[in-house]
Amino acid sequence: MASWDQIRNDVRSFRASVQPTVTTIRDFSFDTHNDRIFFLANDLSKSSKSPMLFRVDLPKPYSDKASSSSTDSDLDSDLDDLASEHHRHHYSAGLDQEDHDMDLIPFDPSTYQHFAIPSASPIQIITGGTGGSRDPFAAPDRNSFSSAPQPTASAYPGMGASATGDMPESSSVTDQILAAAPVLPWVPVLSEEWIKNSSSIFGHSPTDRLSFYQFEPQVNRLMFPYGAVIYTGSVQEDGKFEPQAAQTHSASASSPNHSYSHLVHNALAARINLVSVSGPLASPRTPFSNSTASNLDKGAAASSSTRADPKLGGSELDLVAFTRDQDIWVMTTGGVETQLTFCSRNRKKSDISCGIAEFVMQEEFHRFSNYCWAPSAPSRLRPPPRFPTPTTNVQPASPPQTVPSIPSTQPQPQHSMQHYQHHDSFSPSPATSSPNSTFSTPSPTSLSPPTLSGNFPAPAVNTSRTTERILYLQVSEAMVDLVVIPRQGMHPEFEEYRYPHAGTPNAVSDIQIVEFIPRLYDDDVVPEPLHKRLWGKASLYKMFPWIEYIVRFGWLPGGKSVWVQILDRRQQKTAILAIPLDCFMSVTEQAESSEQAEEELASRILVIFEERSDYWINVTDITHFLSPEDYILDEDTVSDPEIQFIVPSERTGFRHLYLATHSTREGSKIVPITSGNYQVVDKSITVDTKRQLVYFTAKKDSVLETHLYVASYARGAQPGNVKRLTELGYSHQATVDVVKDRFLTMYSSVDHSPACAVLYLRWSNCRHSRSPSPLSPMERRERRAEWCMWGCQFPKISSHAFMLREGIANLSAKKIRQAPIVSSTPLGHARSRSESFVSPPRIDTAFGSFKAGSMNSISGFLASHLLSSSLLSSPKSIQPQSQQQQDSGMVLSSSAGVGGRKSSLRFAPTTQASSSSAPPPPPPSSSSAGSVINAAHHPVAEFFTFMSSDNVQLHGCLYRPANYTLGQKYPTLVSIYGGPRSQMVTNEYKLPKFLRVFLATRLGYAVVMVDGRGSNDRGVEFEGQLRYRMGQIEVRDQVEGLQFLAKPDNGGLVDIDRVAISGWSYGGYLTLMALAQYPQIFKIAIAGAPVTQWELYNTAYTERYMGLVQENKEGYDKSNLLNWVNRFPDSENRLLIAHGLIDENVHFKNTELLVADLIRNNKPHQIQIYPTERHGLRDARVNEHFETLMFWLLKKNL
């Protein structure tokens, strides 16, 4: 029997063996104009593993449409002639396309253009050998070869001469294209010198992280928060970037200011209620007819609190909005701040907030911000204005004059921008202003620049200052339950926050708009911000009494209207509304309006989409609004549509895309863009309005894999015509650049670490459009909007491609794939059934002894290629190299083509490996006791599919124990989550996410995962099995999966008499349910942070799946774990409960009530409390302790 010390040493040894060989890359942004890609990634070569900002410069010849390869264009006619009849039948019938019919153009390496200068010397990609270190993000040396040591075959187990054999014919064209794609160098956007200097100036701590950035290609501007400082800067054409800190400037004492209390006094004197019936709060920062505009008093709100949720915006994209102390602020790139809202009333704790999403909106609806800028229209590319802070002899400008306007519900004539630019007074922007707004107009003298003395020049004042707008939600949580969480220590403290428990009141949100002119320097005099909202009969709560949540909102193109998606309390009814800006009124305007005027405004609020569900509405981020010039008109359309947009709907049982059109005369109608028994994934879509194409992510070919697809919403297009653009056998996360016809895909599988590639798209000339006579502009637009039966709207994959990072193959995968334990394979998982899925990785096959060296360098990722199983099937495409080049490793050779525009790229293999020197292949086990856990060596997942007792197909995943021997049975651990909106069994990379699973296999356990009924992306009916009965059906699916694997025909690896189960959160809840419902199957249950009584969890999640408490008493009782306590086993050492004491999501009270009932029923149990942990275990020492406790319990009792 293993002791605690032995288990602890095993855990520590395992954790020490885990090597961070794979960087995390995320948040890609295309710089279309300059052909760059920005992204965040972990630099493994640095001691700090925090994300940093990088860029990759894409070679110009590939991205420039004028320099497209002649091979691509020459192939068009031949391909079209050969495939014309096939395309006619294929697209007219609306059949699904197979992987081999992706219209990929043939690959010709001789035409492949390299990114080097045509006259440059051949470039060697450094393979990161075992000797020496190299900056992984530096560009390859263009003038000389590297002297990096050459790896030998003996350093890479399992790689002999057979690796250089013939390539399997199953290699796809995408494999071939990417096999020759060069790996582009990464360039750190922030230099080490800058990081060092900024840290010394602003006191950044080692824990500060760069977790977010925003790039605006219209003005080439980057913004990111780092620590407590927000940085902005313009990216130069050559990629140089010098971020400047936006420092807070203190207001001058000579500035005329109104205190906040004075404004509140004015509001009360005007008999304005700060909390109204139709919404939480009427803003006190409204200009009144008897007051003058003044500088804004930052007061106590301008504290040192962190600026949160920053966003670049403004008409010129030169302002940064952020939230602080429950309010919205805005500042210039120089740091001059203006407070826009006053919801908190300058108190640190308030029940009202502006621009900050409440708990359930973030946790359950995944909306993390409560404000958004109005659409921007920069006049030209230019650096942001920077105004130095004057320090002496400031002559304040004269106060502005307030010019009230008469509110009117009738539209007023719009003036052109030139009309305002020829006046010397401030005027609102005609593109975005409301015709019935009240504006404060400064006098001409107030626009003269202040007189400065000192070393600073006088800042120029823009005489055509534009009114900016921000749409935001004001949230009142006065009726929401207050949760108090104590914190331990010598001086005990406590946290308190609002948390709506199921069956209790939610927060109340009110949508508002703030119009303002930002201060450009500290002593700038601007009008007060003007707050507007929906009043009286135009209030959303008056028009839609069933509204409970505002789940999504934003601006319509053009900025003259906003859209809002609302949801009822049961989450079975939703509507999308379009609200013109004229419907929003200020306090003054509302006071002067009439009931008839409110009715008129209410009639202008349009319901442009509605949906109901018998289960629940899954809120997504897919909705996309089209600009009016891009509308698609049907032949039978009587009037022009007012609004057209792409919206998701699950009305057919699966989430699909629809083109929705709303007009006043015809109402709303929707046309399907996609259809079928598959799910469109909840990811943002990209729309190519020029070609009427929509790029989206879905699980059409396999429920285990996400892929990029394209469909057409042109007139006459069939929803069954959908084309996949990514390779089967991997899960993809794609970012599309429709301007340059390319997309970036981040892809991985259970056998390969994440890789990243940029692929280019191209289109054949449309036969349908070849007209003998010229077409008029109207005819061209109509022709463009029509679907072509030849499928010409769909792109092909071009031969141009680049790699940002190559994947690493799991060296144990081949043996496992060739001798699987379970013969069944999930349907649609094409690559796992094909020869290419079990073939050696591309580089292993093609280059024999070539292997990756140090995994701490980006070039070390050349161990294998994630998308490629082999090189070209025809060896003629690989050009032989000289012996000198062969001895130097992998060489990329470029030579000038005709006119210096073309170059050829050849891959030169390294020295050939001999069969005698090849080491024996590795055993088929996942790992050994002393092996290293990294991208090339980690446990291998085996997928299986089985039919449940009620004839439902379920997917599962099995991990063999490290000491696996054929024919033996092993103790088994079921790792479970099982709740809705989750999917654990997927073909994507699992390291380091599944480290605890890998540890279990190291210690001799088989690990089983099953996605039972209720899991994600299987359709509404499959997910809706949980409706009203959570905890009552999920465990049975786990048991039947175990019984399937325990059969001798399926390997018989699972010892059904030695099964444990473990999970966290909802998985902890199901772990306890499993022990109570099937104690004869599950011998040990280890539950972390479990929900024990659904009335203790939040409203949005609980009521979505369980219904309202008062309407489903029986369901809540059956799902209440406390009602199952008497069925827990009476034998000892079978139950362990772990919970963080300061858990902010599943509160510790859940475990407290469970333990009380266990004691009351005299049931044996163990409880482990972690006083400093929240919902997840974040501290490495705490994780080590929990894993030691967990496996000590398993070793001792299983």
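The values are calculated or read from the model by the stated rules, or taken from the named source; none is laboratory data. This one's a predicted model, so the numbers in the text were calculated from it and none came from an experiment. Quick reminder, even Gly has a Cβ in these numbers, built from the backbone with ideal geometry, and neighbours come from all protein chains shown. Heavy atoms of the whole protein, side chains included, go into the accessibility calculation; ligands, DNA and RNA do not. Shrake-Rupley method; radii C 1.70, N 1.55, O 1.52, S 1.80 Å.
For residues in segment 1178-1191 being open to solvent by 30 Å² or more (accessible area, probe 1.4 Å) and not small (Gly, Ala, Ser), which is nearest to the chain's Cα centre (by Cα)? Break it down into steps so the answer makes sense when it comes.
Step one: filter segment 1178-1191 for residues open to solvent by 30 Å² or more (accessible area, probe 1.4 Å), giving 1178-1181, 1184-1185.
Okay, now just the ones that are also not small (Gly, Ala, Ser), so 1178-1179, 1181, 1184-1185.
Values: Arg1178: 22, Asp1179: 25, Arg1181: 30, Glu1184: 30, His1185: 32 Å.
It comes out as Arg1178.
Report the residue count in segment 1013-1032 for those that are open to solvent by 10 Å² or more (accessible area, probe 1.4 Å) and not charged (D, E, K, R).
Residues that pass the stated criteria total 6.
Identify, please: which residue in segment 211-259 is of a type in the set (S, T, N, Q) and at pLDDT 90 or above and is, among those, least open to solvent (accessible area, probe 1.4 Å)?
First, pick out the residues of segment 211-259 that are of a type in the set (S, T, N, Q): 211, 214, 218, 220, 232, 234, 236, 244, 247-248, 250, 252, 254-255, 257, 259.
With at pLDDT 90 or above added as a condition, the list becomes 214, 218, 220, 232, 234, 236, 244.
On the way: Gln214: 32, Gln218: 93, Asn220: 20, Thr232: 4, Ser234: 25, Gln236: 97, Gln244: 75 Å².
Residue satisfying both the conditions and the ranking: Thr232.
Filter segment 1070-1087 down to the residues that are open to solvent by 10 Å² or more (accessible area, probe 1.4 Å) and in contact (Cβ under 8 Å) with a residue 40 or more places away in the chain and list them by number. Can you show your working first?
Filtering segment 1070-1087 for residues open to solvent by 10 Å² or more (accessible area, probe 1.4 Å) gives 1077-1081, 1083.
Passing the criteria: Gln1077, Tyr1078, Pro1079, Ile1081, Lys1083.
What's the number of the condition Val551 fails, among (1) under 27 Å from Ser627 (Cα atoms); (2) open to solvent by 30 Å² or more (accessible area, probe 1.4 Å); (3) touching a Lys or Arg at 6+ places or on another chain (Cβ under 7 Å)?
Among (1) under 27 Å from Ser627 (Cα atoms); (2) open to solvent by 30 Å² or more (accessible area, probe 1.4 Å); (3) touching a Lys or Arg at 6+ places or on another chain (Cβ under 7 Å), Val551 violates only (2).
Take the residues in segment 1145-1168 that are farther than 21 Å from Leu1096 by Cα and polar (S, T, N, Q), then tell me which one is surrounded by the most Cβ atoms within 10 Å (Cβ to Cβ). Show your work before the answer.
Kept after step one, since they are farther than 21 Å from Leu1096 by Cα, are these residues of segment 1145-1168: 1161-1166.
Cutting the leftovers down to polar (S, T, N, Q) gives us 1161-1162, 1166.
Working: Asn1161: 12, Asn1162: 7, Gln1166: 14.
So, considering only residues that are farther than 21 Å from Leu1096 by Cα and polar (S, T, N, Q), the one surrounded by the most Cβ atoms within 10 Å (Cβ to Cβ) is Gln1166.
Each row is one residue, and each column tells you yes or no for (1) open to solvent by 10 Å² or more (accessible area, probe 1.4 Å); (2) in contact with a Ser or Thr (Cβ under 6 Å, 6 or more places away or on another chain); (3) over 21 Å from Arg552 (Cα atoms).
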{"residue": "Thr333", "(1), (2), (3)": "no, yes, yes"}
{"residue": "Leu340", "(1), (2), (3)": "no, no, yes"}
{"residue": "Ser350", "(1), (2), (3)": "yes, yes, yes"}
{"residue": "Cys354", "(1), (2), (3)": "no, yes, no"}
{"residue": "Gln362", "(1), (2), (3)": "yes, no, no"}
{"residue": "Trp373", "(1), (2), (3)": "yes, no, no"}
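Taking segment 1061-1092 on its own, how many of its residues are among the aliphatic types (A, V, I, L, M) and either out of contact with any helix residue (DSSP H, G or I) (no Cβ under 6 Å at 6 or more places or on another chain) or in a strand (DSSP E or B) (or both)? Explain how you work it out, then say what you get.
Within segment 1061-1092, the subset among the aliphatic types (A, V, I, L, M) is 1061, 1070, 1072-1076, 1081, 1084-1087, 1089, 1091.
Next, from what is left, pick out any that are either out of contact with any helix residue (DSSP H, G or I) (no Cβ under 6 Å at 6 or more places or on another chain) or in a strand (DSSP E or B) (or both): 1061, 1075, 1084-1087.
Summing the residues that are among the aliphatic types (A, V, I, L, M) and either out of contact with any helix residue (DSSP H, G or I) (no Cβ under 6 Å at 6 or more places or on another chain) or in a strand (DSSP E or B) (or both) in segment 1061-1092 gives 6.
Pull up segment 993-1015, narrow it to residues that are aromatic (Phe, Trp, Tyr) and in contact with a strand residue (DSSP E or B) (Cβ under 7 Å, 6 or more places away or on another chain), then point me to the one that is nearest to Leu1198 (Cα to Cα).
Start the filter on segment 993-1015 by keeping residues that are aromatic (Phe, Trp, Tyr), which leaves 994, 998, 1005.
The next check asks that each one be in contact with a strand residue (DSSP E or B) (Cβ under 7 Å, 6 or more places away or on another chain); those that pass are 998, 1005.
Values: Phe998: 18, Tyr1005: 10 Å.
So, considering only residues that are aromatic (Phe, Trp, Tyr) and in contact with a strand residue (DSSP E or B) (Cβ under 7 Å, 6 or more places away or on another chain), the one nearest to Leu1198 (Cα to Cα) is Tyr1005.
Considering only segment 1055-1066, state which residues are more than 20 Å from Gln1043 (Cβ to Cβ) and surrounded by fewer than 24 Cβ atoms within 10 Å (Cβ to Cβ). Full working, then the answer.
Taking segment 1055-1066 first, the residues more than 20 Å from Gln1043 (Cβ to Cβ) are 1064-1066.
Residues satisfying the conditions are Trp1064, Ser1065.
Tell me the residue from Val508, Val484, Val514, Val480 that is open to solvent by 50 Å² or more (accessible area, probe 1.4 Å) and modelled with pLDDT of 95 or more, please.
Working: Val484 fails: modelled with pLDDT of 95 or more; Val514 fails: open to solvent by 50 Å² or more (accessible area, probe 1.4 Å); Val480 fails: open to solvent by 50 Å² or more (accessible area, probe 1.4 Å).
Within the list Val508, Val484, Val514, Val480, the selection yields Val508.
Does at least one position in segment 1132-1143 carry a residue that is farther than 30 Å from Pro505 by Cβ, open to solvent by 50 Å² or more (accessible area, probe 1.4 Å) and over 38 Å from the mean Cα position of the chain (by Cα)? So that I can check it myself, show each step before the final result.
Our first condition is that a residue be farther than 30 Å from Pro505 by Cβ; within segment 1132-1143, this holds for 1132-1138.
After this cut, where a residue has to be open to solvent by 50 Å² or more (accessible area, probe 1.4 Å) as well, the list is 1132.
Applying the additional criterion that residues be over 38 Å from the mean Cα position of the chain (by Cα) yields 1132.
Yes.
Within segment 1-42, how many residues are assigned to a helix (DSSP H, G or I) and among the hydroxyl-bearing types (Ser, Thr, Tyr)? If you could, list the steps in order and put the result at the bottom.
Residues of segment 1-42 assigned to a helix (DSSP H, G or I): 4-17.
Right, trim to among the hydroxyl-bearing types (Ser, Thr, Tyr) and you get 13, 17.
Total meeting the criteria: 2.
Quick one: in segment 1037-1054, which of the residues that are modelled with pLDDT of 95 or more, over 19 Å from Ile1084 (Cβ atoms) and open to solvent by 20 Å² or more (accessible area, probe 1.4 Å) is nearest to the chain's Cα centre (by Cα)?
The residue in question is Glu1040.
Only one of Pro557, Pro545 is open to solvent by 30 Å² or more (accessible area, probe 1.4 Å) and touching a strand residue (DSSP E or B) at 6+ places or on another chain (Cβ under 8 Å). Can you tell me which?
Numbers: Pro545 fails: touching a strand residue (DSSP E or B) at 6+ places or on another chain (Cβ under 8 Å).
It is Pro557.
For a quick check of your reading of the model, give me the residue pairs whose first member lies in segment 1091-1111 and is under 13 Å from His501 (Cβ atoms) and in contact (Cβ under 8 Å) with a residue 12 or more places away in the chain, whose second is of a type in the set (A, V, I, L, M, F, W, C) and open to solvent by 20 Å² or more (accessible area, probe 1.4 Å), with beta-carbon atoms closer than 6 Å and at least 6 apart or on different chains.
Gln1093/Leu1122
Select the strands (runs of 3 or more DSSP E) contained entirely in segment 608-713, then report the ones holding at least 1 residues which are open to solvent by less than 20 Å² (accessible area, probe 1.4 Å), closer than 30 Å to Gly1107 by Cα and touching a residue at least 12 places away in the same chain (Cβ under 8 Å).
Details: elements: 643-649, 656-663, 667-672, 686-688, 693-698, 707-712.
It comes to 643-649, 656-663, 693-698.
Please give the number of the condition Asp524 fails out of (1) in a loop (DSSP other than H, G, I, E, B); (2) within 32 Å of the chain's Cα centre (by Cα).
Here Asp524 meets the rest and fails (2).
Looking at the structure I just gave you, is Phe322 outside any strand (DSSP E or B) and either farther than 30 Å from Asn618 by Cα or open to solvent by less than 10 Å² (accessible area, probe 1.4 Å) (or both)?
No, not satisfied.
If you check Ser200 against the conditions, is it over 28 Å from the mean Cα position of the chain (by Cα), modelled with pLDDT of 80 or more, open to solvent by 20 Å² or more (accessible area, probe 1.4 Å) and within 30 Å of Ala245 (Cβ to Cβ)? Break it down stepwise before answering.
Numbers: over 28 Å from the mean Cα position of the chain (by Cα): yes; modelled with pLDDT of 80 or more: yes; open to solvent by 20 Å² or more (accessible area, probe 1.4 Å): yes; within 30 Å of Ala245 (Cβ to Cβ): yes.
Here the answer is yes, as Ser200 does meet what is asked.
Looking only at segment 539-554, which residues are of a type in the set (A, V, I, L, M, F, W, C), in contact (Cβ under 8 Å) with a residue 24 or more places away in the chain and more than 12 Å from Ile511 (Cα to Cα)? Steps first, answer last, please.
If we filter segment 539-554 for residues that are of a type in the set (A, V, I, L, M, F, W, C), which is where we start, we get 540, 543-544, 546-547, 550-551, 553.
Then keep just the ones that are in contact (Cβ under 8 Å) with a residue 24 or more places away in the chain; that gives 540, 543-544, 546, 550-551, 553.
Met543, Phe544, Trp546 - these are the residues of segment 539-554 that are of a type in the set (A, V, I, L, M, F, W, C), in contact (Cβ under 8 Å) with a residue 24 or more places away in the chain and more than 12 Å from Ile511 (Cα to Cα).
Pairs please, first residue from segment 1031-1047 and closer than 10 Å to Gln1077 by Cβ and of a type in the set (A, V, I, L, M, F, W, C), second anywhere and at pLDDT 95 or above and in a loop (DSSP other than H, G, I, E, B), Cβ atoms under 8 Å, 6+ apart in sequence or on different chains.
Sorted first by the residue in segment 1031-1047, then by its partner, the pairs are Val1035/Tyr1078; Val1039/Tyr1078; Val1039/Ile1081.
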